[in-house]
1. Of the residues that make up segment 196-213, is at least one open to solvent by 40 Å² or more (accessible area, probe 1.4 Å) and on the phi > 0 side of the Ramachandran plot?
2. Within segment 114-136, which residues are out of contact with any His (no Cβ under 7 Å at 6 or more places or on another chain), of a type outside the set (A, V, I, L, M, F, W, C) and not in a strand (DSSP E or B)?
3. Which of (1) surrounded by fewer than 20 Cβ atoms within 10 Å (Cβ to Cβ); (2) outside any strand (DSSP E or B); (3) not aliphatic (A, V, I, L, M) does PRO111 not meet, given it meets every other one?
4. Just the residues that are open to solvent by less than 40 Å² (accessible area, probe 1.4 Å) and either in a strand (DSSP E or B) or closer than 19 Å to LEU292 by Cβ (or both), please, taken from segment 185-195.
5. So, in segment 161-170, of the ones that are touching a Phe, Trp or Tyr at 6+ places or on another chain (Cβ under 8 Å) and modelled with pLDDT under 95, which residue ends up surrounded by the most Cβ atoms within 10 Å (Cβ to Cβ)?
6. Do you know which residues across segment 255-264 are in contact with a Cys (Cβ under 7 Å, 6 or more places away or on another chain) and either open to solvent by less than 40 Å² (accessible area, probe 1.4 Å) or without any contact (Cβ under 8 Å) to a residue 24 or more places away in the chain (or both)?
7. Looking at segment 87-106, I want the residues that are of a type in the set (D, E, K, R) and have a partner that is open to solvent by 70 Å² or more (accessible area, probe 1.4 Å) and modelled with pLDDT under 95 with Cβ atoms under 8 Å, at least 6 apart or on another chain. Which pairs are those?
8. Would you list the strands (runs of 3 or more DSSP E) that sit entirely within segment 201-307 and hold 2 or more residues that are of a type in the set (Gly, Ala, Ser)?
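The values are calculated or read from the model by the stated rules, or taken from the named source; none is laboratory data. The shown structure was predicted, so the numbers you read here are calculated from the model rather than taken from an experiment. All Cβ positions, glycine included, derive from the backbone under ideal geometry; neighbour counts span all protein chains shown. Quick note on the areas: whole protein, heavy atoms, side chains included, nothing else; ligands and nucleic acids left out. Shrake-Rupley method; radii C 1.70, N 1.55, O 1.52, S 1.80 Å.
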Amino acid sequence: MKAFSFLFASCLLCTALTASYHAPRYEANQDGGRSWNIMDEDLSAEGVQEKGLEAEEDNTFPAATESHRISILGGAPNGNAPFPADDVPSTPSTWKLAGKLDMSDPFQQCPGSLSKISSPRASCGKSTEKSCNGFTIATSGVSYKTVCGRFRGYQVASPDAFGQYEKMGNSLDDPYVDGISITYGAPGKRQHIFTYAAGFTESLSHPLTCPCNGGIAPPAYVGSDYYCESGNPEQSWKSSILYHEDPLWDGQQCGGREVTCCNSPNLGWFCKQFSTSVTGDIEVRLCTDESLANENLALEFFELYIK
């Protein structure tokens with residue numbers, strides 16, 4: 001999988017950060033991939049910048065075929081949790097930042113098997129067609145019962161939301177959505193956490209648009225745990241174009257027939273609580289079922305917390 005560097009921080013709302021870590025050390029996993037273990041080193045702005053420069057110079061990151069895992073660097077909000085959820089903890093220290101990606105950072109590289117898109121917005125897209133590409137966030141055996149996060153991305157060409165899931169195998173192991181699939185557990189035993197879907201237009205009611213706009217409803221294993229939006233205001237679409245003027249899943253610019261797609265007051269934050277605690281690694285995959293020129297996603301930002 002492609003080279004990348006992750007910036008981990010305690011939280012966006014923390015007043016100070018005194019944590020320290022070492023530069024990533026790659027080790028072989030049983031599956032032939034590599035783990036990213038965080039050791040001790042200064043997390044100063046200069047240190048982060050220097051680490052980014054070193055990463056580009058020594059070119060020691062995993063190859064595109066490898067599984068990439070990220071270890072948790074703990075962190076907690078100082079005061080209220082950074083997301084508008086009903087179950088925010090009375091003791092914020094229970095939250096941990098599991099992973100974060102911010103492509104506005106010039107040193108940020110795309111995680112896992114995602115490929116960098118430089119223009120018109122720095123972001124990460126799929127590298128293979130008719131499949132899912134992504135990365136794994138290793139929770140290192142830490143037990144958690146709630147996952148909260150937010151994702152922001154862009155539509156490329158004409159994704160079909162849930163319009164093709166029955167044709168593509170209808171399981172969490174398949175590209176059941178044109179969008180982002182967030183799960184935990186190993187392949188064959190994946191469990192759904194949340195899905196961010198993208199429809200091909202906001203101006204038509206059609207089976208290949210968002211469910212809130214007449215599109216095909218999501219499969220039962222997704223249920224209501226999803227957001228869907230289109231960034232295309234036209235009734236037609238263009239091959240390979242990235243619709244950069246309308247970010248997805250941010251609760252803004254839901255025009256045309258998809259006004260109800262932005263009804264959630266917390267969009268694009270989600271919080272998923274399980275009935276029992278789990279320890280499985282969290283997997284983030286960008287999925288589409290056609291050629292990359294016909295449909296793709298561009299992931300620009302995400303942050304994911306567990307407790």
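1. No, segment 196-213 has no match at all.
2. Answer for segment 114-136, where residues must be out of contact with any His (no Cβ under 7 Å at 6 or more places or on another chain), of a type outside the set (A, V, I, L, M, F, W, C) and not in a strand (DSSP E or B): SER118, SER119, LYS126, SER127, THR128, GLU129, LYS130.
3. (1)
4. Step one: list which residues in segment 185-195 are open to solvent by less than 40 Å² (accessible area, probe 1.4 Å), which gives 185, 190, 192-195.
Result: HIS192, ILE193, PHE194, THR195.
5. Ranking the candidates gives TYR165 first.
6. Within segment 255-264, the subset in contact with a Cys (Cβ under 7 Å, 6 or more places away or on another chain) is 258, 260-262.
The answer is GLU258, CYS261, CYS262.
7. Partner pairs satisfying both residue conditions: ASP87/GLN273.
8. Details: elements: 226-229, 269-278, 282-288, 295-306.
The strands (runs of 3 or more DSSP E) meeting that bar are 269-278.
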